[in-house]
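**Student:** Below are the structure tokens for one structure; questions will follow.
The values are calculated or read from the model by the stated rules, or taken from the named source; none is laboratory data. In this text the structure is predicted, and so the values were computed from the model without any measurement. Counting neighbours? That spans all protein chains shown, and the Cβs are built from the backbone with ideal geometry, glycine included.
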2 protein chains.
Amino acid sequence: MGARVTMRDVAQAVGMSPMTVSRALRDDRTVNAKTRARVRQVADDLGYVYDSTAQAFRTQKSGFVAVTLPSVNNANFAETFRALTNGLGEAGLQLLLGSTNYRVEREEELVRQLLTRNPEALVLTGGHHTDEMRRLVQARDLPVIEMWDLPEDPLGHVVGFSNSDAMAHIVDHLVATGRRKLAFVGASEGADMRGAVRRAGVVAAARAHGLPEVAMIDAGPAPVSMRHGAAVIEAMGRDVAQYDALVCVSDPVAFGCLSSAQRMGLRVPDDLAITGFGHFEVAKVSNPRITTVNVQAEDIGRQVVALLQGIFDGAVDDPVRVDVGSALVVGETS
Amino acid sequence: MGARVTMRDVAQAVGMSPMTVSRALRDDRTVNAKTRARVRQVADDLGYVYDSTAQAFRTQKSGFVAVTLPSVNNANFAETFRALTNGLGEAGLQLLLGSTNYRVEREEELVRQLLTRNPEALVLTGGHHTDEMRRLVQARDLPVIEMWDLPEDPLGHVVGFSNSDAMAHIVDHLVATGRRKLAFVGASEGADMRGAVRRAGVVAAARAHGLPEVAMIDAGPAPVSMRHGAAVIEAMGRDVAQYDALVCVSDPVAFGCLSSAQRMGLRVPDDLAITGFGHFEVAKVSNPRITTVNVQAEDIGRQVVALLQGIFDGAVDDPVRVDVGSALVVGETS
DNA sequence: CGCCGAATTGTTATCGATAACATGATACCG
DNA sequence: CGGTATCATGTTATCGATAACAATTCGGCG
């Protein structure tokens, strides 16, 4: 309705200086306990709402941690995000979220925006960035964490795992169970670096085992999910039977492939093995259960929180590199 | 490294006043075109980064829209969020996201925090709130939108659909296809109001059709997903065959139930019908496809964006109530 | 040439909270 | 009882951008 209530108004009402109110609301013990209680009471009565913007401005500490994700519409990233929110919320920090839609140029633009909010740290998903973006970030004296990857040339700290190692686990397992004709199902060559790295991991591992060339099945532009996996296999029809294993870029894609394969009467895993990535819920519940790789999305979030706490406490100075690893989870599709 | 670069520094470098720099960076046409270009150039060279905090403080406009979601780890809410982000991003607004974990008390706390950031609007998911929270919000002269619901007594604007109507569609359909012994599979009675409303909708619709009492199958505390649906049906074993339809609170739960039912050899839909809610991807890809209700998550987001634009442009004054509706999508599980 | 309106740039005050420093009140000691 | 340590509160200046108002420059025209 009228003008907003500020600390000055509260101060006037209690008959004290704004400074005392400020201290009282922060529970500063140098303020008399009775005064503190009275200030809180009056602030409540007046409907006073603290202004974080003014605080952020004055103290030059925004209370924000900026986070970029390729997409929130992905259970794994969402899980990491949840862990971050919960962990940082306890530390009084707010997350500022931006999604890149799997495009590095979008990431640059996004980070540019986020930086204007003066975040106290920057958490990026993935290790691929534009040069301009690297410059942007390194020009500031700002803690940076890259997660979900183990980049060669990191911007700062790293909490992730090796996508190519993870794919190697899958290929090793398939080879051990007698498969030789592999096809990789993923997004088209393009802006999604994570997909590209996984693809490269499969190709390298196959080569190491002396397998024939890995076929590429293009499920369309990133992000690809259940319906894209289902569609591409349905479109291929019986042609898919020339392979004895489909290595999918993610569990949802694998589930889509599985579903289409079953609809066309293929027996999984007898006729065709299918593997996923990410240990999504659907992999555990589907029928048959999908062989996948567990990447511990939540753990990544927790480790990032711990790292940030270390950084803010001054306990961390040198760049940290945490490999959370990944583990093969054998299901019933291989 | 050193002190941050401010407009004052840029101004000094160009030999002009900070005011001119401010105008130039905002592309104010009262500033000479050449000057504008030079200012931008110098700002870039100095590595100047605009300070939104200072701007927000001075103008008393934060550029934030606060949004609460029960959880980001839900493809439907994530979809709405994505539409909001994209739409509001174009308008130069940033989303401030908080998740309530399906608890109204948590919502109150969250909104309290979010309000300290001076958001220009508040977008809430759901229509159930604590009294304290209603007071909090109404004390401020702040546009409020409740979405994903059609509350009786809204706080402000509404963009949603009727959960009980949606469930009635499901029940009508089941009755029309000859089912009579229904069981509802959802979260335990508790803080999740959306689940409770859906359950009530099923009960009311069943009563209207003169069906026997609807059984309640408790899949555990909210949020419930695939694994909970799978677990509770697996635990019930053959007992589940006493019902001829499982009405699930969401598609993921339905998929879990479907999977367990299939594993124990039940034929769906011959022995047992299963329905979901939300038109998740899994409903379209699963085998058989799950009968569900489409709630157009993305459309909700778009409508909220349009409404917000109207509000900010001053085109909207009276509270708006948009019913985006919901539509039965018949699959192969019923 | 002198004057006027348009174009361009400058000055001042301000948003609300708080760090740093200063002051006043109170207790406690020998 | 004077003096000093402790507790409690107040004063002042400040963070960076910008609205509102003021001033200056410039071209053109009678």
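For (1) surrounded by fewer than 17 Cβ atoms within 10 Å (Cβ to Cβ); (2) not in a strand (DSSP E or B); (3) not hydroxyl-bearing (Ser, Thr, Tyr), each residue gets a yes or a no:
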{"site": "B:118", "(1), (2), (3)": "no, yes, yes"}
{"site": "B:127", "(1), (2), (3)": "no, yes, yes"}
{"site": "B:141", "(1), (2), (3)": "yes, yes, yes"}
{"site": "B:159", "(1), (2), (3)": "no, no, yes"}
{"site": "B:166", "(1), (2), (3)": "no, yes, yes"}
{"site": "B:178", "(1), (2), (3)": "yes, yes, yes"}
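**Student:** Please verify whether residue A:151 is under 21 Å from the mean Cα position of the chain (by Cα), in the same structural domain as residue A:254 (by TED's automatic domain parsing) and not in a helix (DSSP H, G or I), treating the condition exactly as stated. Spell out how you get there, then give the answer.
**Tutor:** Values: under 21 Å from the mean Cα position of the chain (by Cα): yes; in the same structural domain as residue A:254 (by TED's automatic domain parsing): no; not in a helix (DSSP H, G or I): yes.
When the stated conditions are applied, residue A:151 does not pass them.
**Student:** For region A:233-260, enumerate the residues that are under 17 Å from residue B:286 (Cβ atoms) and either surrounded by fewer than 21 Cβ atoms within 10 Å (Cβ to Cβ) or not small (Gly, Ala, Ser) (or both).
**Tutor:** Those that are under 17 Å from residue B:286 (Cβ atoms) and either surrounded by fewer than 21 Cβ atoms within 10 Å (Cβ to Cβ) or not small (Gly, Ala, Ser) (or both): A:233, A:234, A:248, A:251, A:252, A:253, A:255, A:257, A:258.
**Student:** Right, next: Out of everything in region A:44-68 that is more than 20 Å from residue A:193 (Cβ to Cβ) and of a type in the set (S, T, N, Q), what residue ends up being nearest to DNA strand D (Cβ to nearest atom)?
**Tutor:** Selected residue: A:60.
**Student:** Is it the case that some residue within region A:69-91 is within 39 Å of the chain's Cα centre (by Cα), away from DNA strand D (no atom under 16 Å from the Cβ), part of a strand (DSSP E or B) and within 10 Å of chain B (Cβ to nearest Cβ)? Let's see the steps before the verdict.
**Tutor:** Residues of region A:69-91 within 39 Å of the chain's Cα centre (by Cα): A:69-91.
Okay, now just the ones that are also away from DNA strand D (no atom under 16 Å from the Cβ), so A:69-91.
Narrowing further to those that are part of a strand (DSSP E or B): A:69.
Now restrict to residues that are within 10 Å of chain B (Cβ to nearest Cβ): A:69.
Yes, that holds for at least one residue.
**Student:** Restricting to region A:17-36, what's the tally of residues that are within 11 Å of DNA strand C (Cβ to nearest atom), of a type in the set (S, T, N, Q) and more than 14 Å from residue A:7 (Cα to Cα)?
**Tutor:** Adding up the residues that qualify gives 2.
**Student:** Looking at B:78, B:43, B:56, B:66, which one is farther than 26 Å from residue B:104 by Cα, away from DNA strand C (no atom under 12 Å from the Cβ) and surrounded by 20 or more Cβ atoms within 10 Å (Cβ to Cβ)?
**Tutor:** On the way: B:78 fails: farther than 26 Å from residue B:104 by Cα; B:56 fails: away from DNA strand C (no atom under 12 Å from the Cβ); B:66 fails: farther than 26 Å from residue B:104 by Cα.
Step by step, each of B:78, B:43, B:56, B:66 is checked, and only B:43 is farther than 26 Å from residue B:104 by Cα, away from DNA strand C (no atom under 12 Å from the Cβ) and surrounded by 20 or more Cβ atoms within 10 Å (Cβ to Cβ).
**Student:** For residues that are farther than 12 Å from residue A:333 by Cβ and outside any helix (DSSP H, G or I), scanning just region A:245-282, find the one that is nearest to the other protein chains (Cβ to nearest Cβ).
**Tutor:** A:280
**Student:** So, of the residues in region B:25-40 that are within 26 Å of residue A:142 (Cβ to Cβ) and buried (at least 16 other Cβ atoms within 10 Å of the Cβ), which turns out to be farthest from DNA strand D (Cβ to nearest atom)?
**Tutor:** For region B:25-40, the residue satisfying everything is B:40.
**Student:** Still on this structure, I have one more. Using the structure shown, decide if residue B:172 is more than 14 Å from chain A (Cβ to nearest Cβ), assigned to a helix (DSSP H, G or I) and among the acidic types (Asp, Glu).
**Tutor:** Working: more than 14 Å from chain A (Cβ to nearest Cβ): yes; assigned to a helix (DSSP H, G or I): yes; among the acidic types (Asp, Glu): yes.
Yes.
**Student:** Could you grab me the full set of residues in region A:221-239 that are away from chain B (no Cβ under 14 Å) and more than 22 Å from the chain's Cα centre (by Cα)?
**Tutor:** Pass one, region A:221-239, residues away from chain B (no Cβ under 14 Å): A:221-222, A:235-239.
Answer for region A:221-239, where residues must be away from chain B (no Cβ under 14 Å) and more than 22 Å from the chain's Cα centre (by Cα): A:235, A:236, A:237, A:238, A:239.
**Student:** Mind checking which residues of region A:309-334 are touching a residue at least 40 places away in the same chain (Cβ under 8 Å) and on the phi > 0 side of the Ramachandran plot?
**Tutor:** Scanning region A:309-334 gives a single hit, A:325.
**Student:** If I ask for residues that are more than 23 Å from residue B:69 (Cβ to Cβ) and out of contact with any strand residue (DSSP E or B) (no Cβ under 8 Å at 6 or more places or on another chain), which ones from region B:285-315 would you list?
**Tutor:** In the first step, residues of region B:285-315 are kept if they are more than 23 Å from residue B:69 (Cβ to Cβ); the result is B:285-291, B:313-315.
B:285, B:286, B:287, B:288, B:289, B:313, B:314, B:315 - these are the residues of region B:285-315 that are more than 23 Å from residue B:69 (Cβ to Cβ) and out of contact with any strand residue (DSSP E or B) (no Cβ under 8 Å at 6 or more places or on another chain).
**Student:** Output yes when any residue across region A:186-193 is buried (at least 23 other Cβ atoms within 10 Å of the Cβ) and in contact with a strand residue (DSSP E or B) (Cβ under 6 Å, 6 or more places away or on another chain), and no when none is.
**Tutor:** Of all residues in region A:186-193, those buried (at least 23 other Cβ atoms within 10 Å of the Cβ) come to A:186-187, A:192.
With the extra rule that they be in contact with a strand residue (DSSP E or B) (Cβ under 6 Å, 6 or more places away or on another chain), the set shrinks to none.
Looking through region A:186-193, none of the residues is buried (at least 23 other Cβ atoms within 10 Å of the Cβ) and in contact with a strand residue (DSSP E or B) (Cβ under 6 Å, 6 or more places away or on another chain).
**Student:** Cβ-Cβ distance below 9 Å, separation of 6 or more or different chains: which pairs start in region B:25-40 with a residue that is within 14 Å of chain A (Cβ to nearest Cβ) and end on one that is among the aromatic types (Phe, Trp, Tyr) and near DNA strand D (Cβ under 10 Å from one of its atoms)?
**Tutor:** B:25/B:48; B:25/B:50
**Student:** Check region B:274-283 and report whether any residue there is assigned by TED's automatic domain parsing to the domain that holds residue B:141 and among the polar types (S, T, N, Q).
**Tutor:** In the first step, residues of region B:274-283 are kept if they are assigned by TED's automatic domain parsing to the domain that holds residue B:141; the result is none.
No; the residues of region B:274-283 include none that is assigned by TED's automatic domain parsing to the domain that holds residue B:141 and among the polar types (S, T, N, Q).
Yes/no per residue for (1) in contact with a helix residue (DSSP H, G or I) (Cβ under 8 Å, 6 or more places away or on another chain); (2) aromatic (Phe, Trp, Tyr); (3) at pLDDT below 95:
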| position | (1), (2), (3) |
| --- | --- |
| B:233 | yes, no, no |
| B:246 | yes, no, no |
| B:312 | no, yes, yes |
| B:325 | no, no, no |
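**Student:** OK, next. Filter region A:92-105 for residues that are more than 10 Å from chain B (Cβ to nearest Cβ) and outside any loop (DSSP other than H, G, I, E, B) and give the result. It would help to see each step written out before you state the result.
**Tutor:** Pass one, region A:92-105, residues more than 10 Å from chain B (Cβ to nearest Cβ): A:93, A:100, A:102-105.
Of everything in region A:92-105, those that are more than 10 Å from chain B (Cβ to nearest Cβ) and outside any loop (DSSP other than H, G, I, E, B) turn out to be A:104, A:105.
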